[in-house]
Amino acid sequence: MKRARRATLQYTETIPQVNDTTFDQLRDELLELDPRVPKIGKKILPKDYIMKFHSPYLVVTNSNRMIDSKVAKKIVTKVLQGTLHKEYVEVWGGYHLITTCRTRSFYGRNIDTTIKEGIVIVRLNKLVIISRYEKPATPFTFIPMIELLADKLSELGY
């Protein structure tokens, strides 16, 4: 008789340590986004994706539903503290389980397996990217796009 395997968190790299930076410090440091950023986003992301900036986070989604500022603040704070992976992330009307932690990135999926959506959260020096994909996008196509966007933003000093 085979034993059922439990889903476990993949620690592919070290989990980010507690950061002294706070949400308010990041917000004050980054008051506006460089005008080159939307052009970079248009080159990397498909046409139906929307980028919205609210210091210190950038939201990327392919639907008109935007993230609530209180939820975003909670996510950014947990990312800065390195504790985002310890509990479900409630965002966009659903609960998401963080399945992969990297040095600067967190990947998660909706706990309701009938809903084909997930989240990708990337921590940069001055900015946190909070992004969501849903069917027909898959993690294999979406994650590289967000990581490329994060790399380009890092090159610009974010």
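The values are calculated or read from the model by the stated rules, or taken from the named source; none is laboratory data. Since this is a predicted model, take the numbers as computed values, not measurements. For neighbour counting, all protein chains shown are included, and Cβ atoms are generated from backbone atoms with ideal geometry for every residue, glycine included. Areas reflect the complete protein model, heavy atoms only, side chains present, ligands, DNA and RNA absent. Shrake-Rupley method; radii C 1.70, N 1.55, O 1.52, S 1.80 Å.
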Provide a single number: the residues in the stretch 25-36 that are open to solvent by 100 Å² or more (accessible area, probe 1.4 Å) and within 18 Å of the chain's Cα centre (by Cα). 0
Suppose we keep only residues that are free of Cβ contacts under 8 Å to residues at least 12 places away in the same chain and assigned to a helix (DSSP H, G or I) within the stretch 68-101. Which one would you say is farthest from Val120 (Cα to Cα)? Lys70
In the stretch 111-135, anything without any contact (Cβ under 8 Å) to a residue 40 or more places away in the chain, open to solvent by 10 Å² or more (accessible area, probe 1.4 Å) and over 14 Å from Ser154 (Cβ atoms) is listed as Ile111, Asp112, Thr113, Thr114, Ile115, Lys116, Glu117, Lys135
Name the residues in the stretch 99-158 that are over 13 Å from the mean Cα position of the chain (by Cα), among the small types (Gly, Ala, Ser) and within 22 Å of Arg36 (Cβ to Cβ), would you? Ser154, Gly157
Complete set of residues in the stretch 37-64 that are within 17 Å of Glu147 (Cα to Cα) and open to solvent by 100 Å² or more (accessible area, probe 1.4 Å): Lys39, Lys42, Lys43
